[in-house]
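Everything below concerns the one structure shown next.
The values are calculated or read from the model by the stated rules, or taken from the named source; none is laboratory data. Keep in mind the model is a prediction, meaning the values are calculated, not measured. Note that each Cβ is placed from the backbone with ideal geometry, even for glycine, and that neighbours are counted across all protein chains shown.
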Amino acid sequence: MTNDRTIKREIPKNLEQVFTVTKYELLKYLRSKRLIGTILIIALILSLIYILPPALGNPYTGEREDALQVSLKPEFLAFYTEFQSYANFSGGNLVEGTLIITVNGGELPSSEWFLLEEFSLILFEENLTLSSVVATYEFTTDTTSFGLNFLSFAEILIIICVTFFGADALVSEFQNRTAYLLFPNPIKKEVMFVGKFLASFIASVAMISIYYFVTIILSFVTLGEVAKHYPISFGFAMLFLLAALALAYFISSLLKGSTGAIVLTFFLLLMILPIIEGVGAASGVKMGPLLTFAGHSMIYSLSLDDYPADTVTEMPGGGFTFHQFYPELGLSAIILAIYAIVFAAISIFLFKRKELTM
Amino acid sequence: MEIIHVESLTRDFGSFRAVDNLSLDVRNGTMVGFLGPNGAGKTTTIKILTNLISATSGKAYLNGIDVTTRPKKALAEVGSVVETPEFYPYLTPIETLTYLGRLRGMNSSDINRRSSELLATVKLEDWKDKRIGKFSKGMKQRLAIAQALLHEPEILILDEPTTGLDPRGMVEVREILKSLKERGYTIFMSSHLLPEVQEICDYVAMIDHGKLILYDSVDKLASMVKMNIIEVDLAEVPSEESLNQISKIKDVRNVQHVVPLRIDIEYIGDPNLRYSLLKELLATNLKVISFTPQGLALENIYMQMIQDSR
């Protein structure tokens with residue numbers, strides 16, 4: 001018997017199906033509490049990081065008065081023959097040209113003192129050891145320090161996004177039995193994977209972009225300028241996001257329950273890997289290949305012009321040595337890319353093999 | 001032409017063999033009921049056919065395309081309901097059908113037209129814009145049937161399609177299936193409801209322990225039934241003598257006095273011989289007030305075949 005009712009249709013190309021899956025996955029996020037939750041977390045954290053320092057007495061800009069303890073010029077300053085006394089002056093974030101020195105209430109002409117910035121000292125022509133000397137100056141937080149404060153949470157935000165938008169993306173299809181609806185369609189599993197991964201990535205990028213955008217706006221509004229390496233930091237954030245998302249999808253393709261996948265992803269990225277980093281630092285081993293260590297490059301790349309070097313600190317009395325390591329940017333980029341590719345490839349392989357046996 | 005062709009299909013779960021060297025052909029435009037007890041391998045077979053699980057060995061072809069190696073092409077003209085699928089709770093029926101329609105290559109006007117038709121057919125038109133998260137199991141089952149028919153596929157593979165429906169819903173789905181059969185769909189349907197299968201299917205495939213134990217047309221199976229049981233209700237308690245007389249009637253194998261006013265007569269022969277049996281019963285002066293064949297031909301065969309294979 002022939003069937004004259006059937007309408008033959010062209011099966012959509014893989015790329016078209018990827019966008020269809022992505023569209024409906026994004027709709028899921030748009031209608032979920034997770035997206036709203038993430039936005040609330042961003043708003044809360046940005047507010048706390050921005051408001052707390054001034055509220056605790058550390059404003060970003062302003063005017064400061066420091067009483068200086070003046071001493072006679074020591075031997076190591078003998079080179080400066082025209083000066084007789086000196087005082088330590090930290091003058092953090094001093095705005096150039098705003099420093100005024102007053103002695104016993106009267107302003108000391110700038111020709112009679114000299115700021116030796118590299119040693120944080122002020123030298124005086126006269127012996128002012130018995131005078132009351134006050135330094136008055138305007139200060140401002142430098143844009144990189146301001147940005148670093150905010151970016152330290154951006155790394156955690158990525159972990160939250162990966163957990164919310166990626167950790168159960170695959171396993172939930174099995175646990176919630178929606179796979180019975182989706183899988184018997186003319187669509188390859190790798191196409192489903194890419195569509196879902198793309199949606200997770202887009203949702204996470206949107207959240208992270210909001211965070212970076214608000215940080216930059218706050219920097220501009222507060223300091224009048226913005227650190228110049230935000231684009232590089234954002235690039236590393238995207239690499240870290242891809243790598244962490246691939247790890248989350250790997251866990252999602254491996255486990256059988258959504259809760260397990262969410263908990264494991266979150267704690268692996270937020271606690272377990274950082275603990276390994278810490279143990280490595282305590283042992284003097286730089287955990288360069290570790291995902292979260294390489295991920296720190298999104299923070300430190302903001303201070304690219306003054307990139308911190310690894311340090312070793314001897315703790316007094318105990319012979320204990322503390323190491324502070326920083327990721328190498330080029331190597332970190334390669335490591336993050338390898339994580340993203342390898343975990344994504346393994347996840348696709350596992351997802352294709354995963355069967356609906358429940 | 002065989003639109004579904006299963007060849008030596010085997011599936012093992014560890015040491016347990018769920019489907020054992022199963023071979024089966026379904027002709028285009030026919031409706032096949034796939035029967036068997038729980039754990040017989042029905043759902044496993046259907047899951048392999050719909051690419052939800054893989055086969056340990058063997059092949060399964062849909063429209064001549066091997067579903068185990070080219071699932072995307074093989075499933076292009078297949079609509080399926082496997083177990084009771086769950087839907088995305090954040091989508092409405094219209095959005096769900098649009099999503100699936102897009103994946104199946106339908107354009108917007110096609111999707112709109114078919115969605116309206118099908119939601120009316122399965123009586124969900126008033127719910128088309130409500131999120132599925134609030135739907136009952138029966139509503140989801142009806143939506144599952146709608147999505148299977150959305151792209152007007154050549155083949156329908158249904159795993160117990162009336163599960164979860166109330167009696168009215170079951171009747172409605174049965175009517176839908178009958179109309180699809182009339183329109184030439186090829187339907188491969190597993191079910192535990194034997195009267196339903198006997199009523200609407202052309203063929204019956206029976207499976208037990210993963211093996212195909214019977215595959216024939218419903219008509220032929222009905223005519224093959226040799227064992228019939230008739231329930232006879234009486235107005236007064238029959239005497240021993242009457243019972244002896246009945247047991248001596250030609251082709252009567254056994255007479256059971258079930259309760260005082262009822263006897264079950266087991267007889268061998270064509271169901272059409274019931275009339276002569278009734279005549280002879282009346283001749284024994286029994287006060288017969290009802291004379292009802294017990295069960296259906298398919299039920300009898302099912303019980304016999306499954307018992308034999310155990």
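Yes or no: the stretch A:328-345 includes at least one residue that is touching a His at 6+ places or on another chain (Cβ under 9 Å), acidic (D, E), in contact (Cβ under 8 Å) with a residue 12 or more places away in the chain and in the same structural domain as A:I159 (by TED's automatic domain parsing).
No, the stretch A:328-345 contains no residue that is touching a His at 6+ places or on another chain (Cβ under 9 Å), acidic (D, E), in contact (Cβ under 8 Å) with a residue 12 or more places away in the chain and in the same structural domain as A:I159 (by TED's automatic domain parsing).
Using the structure shown, decide if A:L350 is touching a helix residue (DSSP H, G or I) at 6+ places or on another chain (Cβ under 6 Å), touching a residue at least 24 places away in the same chain (Cβ under 8 Å), under 13 Å from A:A246 (Cβ atoms) and surrounded by 13 or more Cβ atoms within 10 Å (Cβ to Cβ).
For A:L350, the condition - touching a helix residue (DSSP H, G or I) at 6+ places or on another chain (Cβ under 6 Å), touching a residue at least 24 places away in the same chain (Cβ under 8 Å), under 13 Å from A:A246 (Cβ atoms) and surrounded by 13 or more Cβ atoms within 10 Å (Cβ to Cβ) - is met.
Scan the stretch A:74-84 residue by residue and report those that are more than 13 Å from A:L116 (Cα to Cα) and either under 41 Å from the mean Cα position of the chain (by Cα) or surrounded by 14 or more Cβ atoms within 10 Å (Cβ to Cβ) (or both).
A:Q84
Among the residues of the stretch B:111-130, are any closer than 18 Å to A:F174 by Cα and surrounded by fewer than 24 Cβ atoms within 10 Å (Cβ to Cβ)?
No, the stretch B:111-130 has no match at all.
Looking at (1) closer than 22 Å to B:S80 by Cα; (2) touching a residue at least 12 places away in the same chain (Cβ under 8 Å), which is the only condition B:I230 fails?
The single condition B:I230 does not satisfy is (1).
Counting residues that are at pLDDT 95 or above and either more than 19 Å from the chain's Cα centre (by Cα) or among the small types (G, A, S) (or both), which helices (runs of 4 or more DSSP H) fully inside the stretch A:251-299 reach at least 3?
In the stretch A:251-299, the matching helices (runs of 4 or more DSSP H) lie at A:258-267.
Can you tell me which of (1) part of a loop (DSSP other than H, G, I, E, B); (2) surrounded by 11 or more Cβ atoms within 10 Å (Cβ to Cβ) is the one A:E96 doesn't meet?
(2)
So, in the stretch B:9-29, exactly how many residues are modelled with pLDDT of 95 or more and part of a loop (DSSP other than H, G, I, E, B)?
Summing the residues that are modelled with pLDDT of 95 or more and part of a loop (DSSP other than H, G, I, E, B) in the stretch B:9-29 gives 0.
Determine whether B:D166 is within 14 Å of chain A (Cβ to nearest Cβ) and surrounded by fewer than 22 Cβ atoms within 10 Å (Cβ to Cβ).
For B:D166, the condition - within 14 Å of chain A (Cβ to nearest Cβ) and surrounded by fewer than 22 Cβ atoms within 10 Å (Cβ to Cβ) - is not met.
Looking only at the stretch B:62-83, how many residues end up being at the interface with chain A (Cβ under 8 Å from one of its Cβ atoms) and of a type outside the set (G, A, S)?
Qualifying residue count, the stretch B:62-83: 8.
I'm trying to understand the selection: among the residues of the stretch A:160-197, which are of a type in the set (K, R) and either within 10 Å of chain B (Cβ to nearest Cβ) or touching a Phe, Trp or Tyr at 6+ places or on another chain (Cβ under 6 Å) (or both)?
Once the filter is applied, which keeps residues that are of a type in the set (K, R) and either within 10 Å of chain B (Cβ to nearest Cβ) or touching a Phe, Trp or Tyr at 6+ places or on another chain (Cβ under 6 Å) (or both), the stretch A:160-197 yields A:R177, A:K188, A:K189.
Those residues that are closer than 23 Å to A:F146 by Cβ and of a type in the set (D, E, K, R), I need them from the stretch A:31-64; list them, please.
A:E63, A:R64
Could you count how many residues in the stretch A:166-209 are among the aromatic types (F, W, Y) and not in a helix (DSSP H, G or I)?
Matching residues across the stretch A:166-209 total 1.
Give all pairs with beta carbons closer than 6 Å in which a residue from the stretch B:288-310 that is among the hydrophobic types (A, V, I, L, M, F, W, C) meets a residue that is at pLDDT 70 or above and in a loop (DSSP other than H, G, I, E, B); count only pairs at least 6 apart in sequence or on separate chains.
Listed pairs, sorted by first residue: B:I289/B:A235; B:I306/B:P37.
Is at least one residue of the stretch A:130-146 crowded, with 23+ Cβ neighbours inside 10 Å, part of a helix (DSSP H, G or I) and touching a helix residue (DSSP H, G or I) at 6+ places or on another chain (Cβ under 8 Å)?
yes
Only residues that are without any contact (Cβ under 8 Å) to a residue 12 or more places away in the chain and under 30 Å from B:K73 (Cβ atoms): list them for the stretch B:151-181, please.
B:S179
Filter the stretch B:77-94 down to the residues that are in contact with an Asp or Glu (Cβ under 9 Å, 6 or more places away or on another chain), over 28 Å from B:D66 (Cα atoms) and not β-branched (V, I, T) and list them by number.
Within the stretch B:77-94, B:Y88, B:P93 meet the criteria.
Any idea which residue in the stretch B:219-258 is modelled with the lowest pLDDT, counting only those that are of a type in the set (D, E) and in a helix (DSSP H, G or I)?
Among them, the one singled out is B:D219.
Of all residues in the stretch B:102-113, how many are in contact (Cβ under 8 Å) with a residue 12 or more places away in the chain and more than 10 Å from chain A (Cβ to nearest Cβ)?
Number satisfying all stated conditions: 1.
Is the stretch B:227-249 home to any residue that is crowded, with 18+ Cβ neighbours inside 10 Å and under 30 Å from B:T30 (Cα atoms)?
yes
Hey, among B:K128, B:K47, B:K123, B:K59, which residue is in contact (Cβ under 8 Å) with a residue 12 or more places away in the chain, closer than 22 Å to A:K354 by Cα and away from chain A (no Cβ under 12 Å)?
On inspection, the qualifying residue turns out to be B:K59.
Identify, from the list B:P89, B:P37, B:P85, the residue that is surrounded by 18 or more Cβ atoms within 10 Å (Cβ to Cβ), in the same structural domain as B:C201 (by TED's automatic domain parsing), assigned to a loop (DSSP other than H, G, I, E, B) and at negative phi.
Going through B:P89, B:P37, B:P85 in turn, the sole match is B:P85.
Here is a check on your reading of the model: is B:Y99 under 24 Å from A:E190 (Cα atoms) and within 14 Å of chain A (Cβ to nearest Cβ)?
For B:Y99, the condition - under 24 Å from A:E190 (Cα atoms) and within 14 Å of chain A (Cβ to nearest Cβ) - is met.
For every residue, the table says whether it meets (1) over 18 Å from A:T222 (Cβ atoms); (2) among the basic types (K, R); (3) assigned by TED's automatic domain parsing to the domain that holds A:S200; (4) not in a loop (DSSP other than H, G, I, E, B).
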position	(1), (2), (3), (4)
A:F19	yes, no, yes, yes
A:I36	yes, no, yes, yes
A:S47	no, no, yes, yes
A:D66	yes, no, no, yes
A:Y86	yes, no, no, yes
A:S90	yes, no, no, no
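Inspect all residues belonging to the stretch A:64-72 and state whether any of them is loosely packed, with under 14 Cβ neighbours inside 10 Å, of a type in the set (A, V, I, L, M) and in contact (Cβ under 8 Å) with a residue 12 or more places away in the chain.
Yes, the stretch A:64-72 contains a residue that is loosely packed, with under 14 Cβ neighbours inside 10 Å, of a type in the set (A, V, I, L, M) and in contact (Cβ under 8 Å) with a residue 12 or more places away in the chain.
Take the residues in the stretch B:3-34 that are on the phi < 0 side of the Ramachandran plot and without any contact (Cβ under 8 Å) to a residue 40 or more places away in the chain, then tell me which one is farthest from the chain's Cα centre (by Cα).
In this case the residue turns out to be B:S15.
When you look at B:L286, is it part of a helix (DSSP H, G or I) and either touching a strand residue (DSSP E or B) at 6+ places or on another chain (Cβ under 8 Å) or at pLDDT 90 or above (or both), yes or no?
Taking the combined requirement at face value, the residue does not satisfy it.
Collect the residues in the stretch B:54-72 that are out of contact with any strand residue (DSSP E or B) (no Cβ under 7 Å at 6 or more places or on another chain) and closer than 15 Å to B:D12 by Cβ, keeping them in residue-number order.
Selection gives B:S54 alone.
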